[in-house]
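Single-structure report; data block below.
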Amino acid sequence: MATILVVDDERVFCDLLKTVLGSNGHEVFTAYNGREALNLFSQHRPQFTLLDLRMPEMNGIEVLRQIRTIDVGGAGIDERDRSAAPDSYHRCQRRRDDSDRMGI
């Protein structure tokens with residue numbers, strides 16, 4: 001199963017997602033702020049990160065920018081997935097291109 005990092009300043013939301021995702025066999029790490037998220041991301045290199053954009057101290061956009069410096073090329077969809085779901089790949093790639101243009 002997948003390794004997932006859930007980042008949200010609402011502890012109840014993090015705990016709920018950890019319970020639901022964990023009960024489906026995923027390994028779930030939770031962070032309640034941006035600094036904790038970056039630390040856990042560096043330690044565990046999750047396959048997926050669910051990130052709240054509105055958090056105090058360090059917002060989700062800043063966390064995403066720093067994650068992308070830690071794991072260059074890790075954001076976005078894997079090239080191997082292109083043939084499995086070409087429409088999804090192109091939608092994700094357009095979103096990735098848009099985020100690159102916005103500097104995130």
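The values are calculated or read from the model by the stated rules, or taken from the named source; none is laboratory data. What you see is a predicted model, and the numbers here were worked out from it, not measured in a lab. Note that each Cβ is placed from the backbone with ideal geometry, even for glycine, and that neighbours are counted across all protein chains shown.
Summary table below
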quantity	calculated
Filter result for the condition that a residue is touching a Gly at 6+ places or on another chain (Cβ under 7 Å) and within 29 Å of residue 72 (Cβ to Cβ), over 28, 6	28
Residue 13 vs. criteria within 14 Å of the chain's Cα centre (by Cα) and either within 18 Å of residue 71 (Cβ to Cβ) or hydrophobic (A, V, I, L, M, F, W, C) (or both)	no
Long-range neighbours under 6 Å by Cβ, at least six apart or interchain, first residue loosely packed, with under 13 Cβ neighbours inside 10 Å within region 1-29, second outside any helix (DSSP H, G or I) and of a type in the set (A, V, I, L, M)	25/1
Among the candidates 66, 47, 43, residue that is modelled with pLDDT of 90 or more and exposed (fewer than 12 other Cβ atoms within 10 Å of the Cβ)	43
